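The values are calculated or read from the model by the stated rules, or taken from the named source; none is laboratory data. All values derive from a computational prediction rather than experimental measurement. Cβ: placed from backbone, ideal geometry, glycine included. Neighbour counts: every protein chain shown. Just the protein is used for accessible areas: all its heavy atoms, side chains included, with ligands, DNA and RNA removed. Shrake-Rupley method; radii C 1.70, N 1.55, O 1.52, S 1.80 Å.
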Amino acid sequence: MTTPSAGPGSAQGAGSAQGAGDRRPRVFIVDDHALFRAGVRAELGDQVEVVGEADDVGPAIARITACLPDVVLLDVHLPGGGGHSVVTSVKAAHPQVRFLALSASDAPEDVIAAIRAGARGYVTKTISSAELVDAVRRVAGGDAVFSPMLAGFVLDAFAAQPAGGGEERPSFDPELDQLTAREREVLRLIARGYTYKEIAGELYISVKTVESHVSSVLRKLQLSTRHQLTRWATERRLT
């Protein structure tokens, strides 16, 4: 396991870059902010070949499947759901595509969700240009790359797994771990102030289904109002 702190000038960094091959990695960018995507393109420069971009889950899955890049730079929070949904959907049919999460969030649950889905690494948006290029090349070459402070989350999570490789998952928050991926998506949108109708539109589900998810979340968390849900999600930085 490596981290971006081992810079491009180190022996380890040079070896990984060479291992990725002489050609530039083909990169796809997924983020819901156009200005940020443009910034990433500029930061990567001619060190990689950017072959496409998307701003939400559905378009990302379709376009990544069409062009099959070497590495997908992926934000974990997207309007249509968690970025892990993109990883899971694409890797089911195209396991050769590698994902590197690039997010403003350093929450343990976001890091672990991305890795569980199949991402090869997770770095935060505070990463420098040189470190990002190095991270992309490392992931393209098969390495796993994490920002230094996030590597500890991953090590702790897998150290907590049963030795026999059972189905039990590591948990950083027993209450949060009760919720399904869809329930977390609904909860996050509620915390952002979305109405039930707006949530239904974002997730392509019916208002009745949204209400069902909310009722389930309230029951599991032993809460009674939307206000309490919002406060609970905000305290856990799910927004």
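Quick rundown of the values:
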| read-out | value |
| --- | --- |
| Looking only at the stretch 221-239, and only at residues there that are in a loop (DSSP other than H, G, I, E, B) and aliphatic (A, V, I, L, M), the one that is most open to solvent (accessible area, probe 1.4 Å) | 223 |
| Output for the stretch 200-231, where each listed residue is under 12 Å from residue 189 (Cα atoms) and of a type in the set (S, T, N, Q) | 230 |
| Odd one out for residue 106 among (1) touching a residue at least 40 places away in the same chain (Cβ under 8 Å); (2) assigned to a strand (DSSP E or B) | (2) |
| Qualifying residues in the stretch 195-220 (those that are at pLDDT below 90 and not in a helix (DSSP H, G or I)) - the one surrounded by the most Cβ atoms within 10 Å (Cβ to Cβ) | 205 |
| Condition broken by residue 150, with the remaining ones in (1) at pLDDT below 85; (2) more than 30 Å from residue 42 (Cα to Cα); (3) surrounded by 15 or more Cβ atoms within 10 Å (Cβ to Cβ); (4) among the hydrophobic types (A, V, I, L, M, F, W, C) satisfied | (2) |
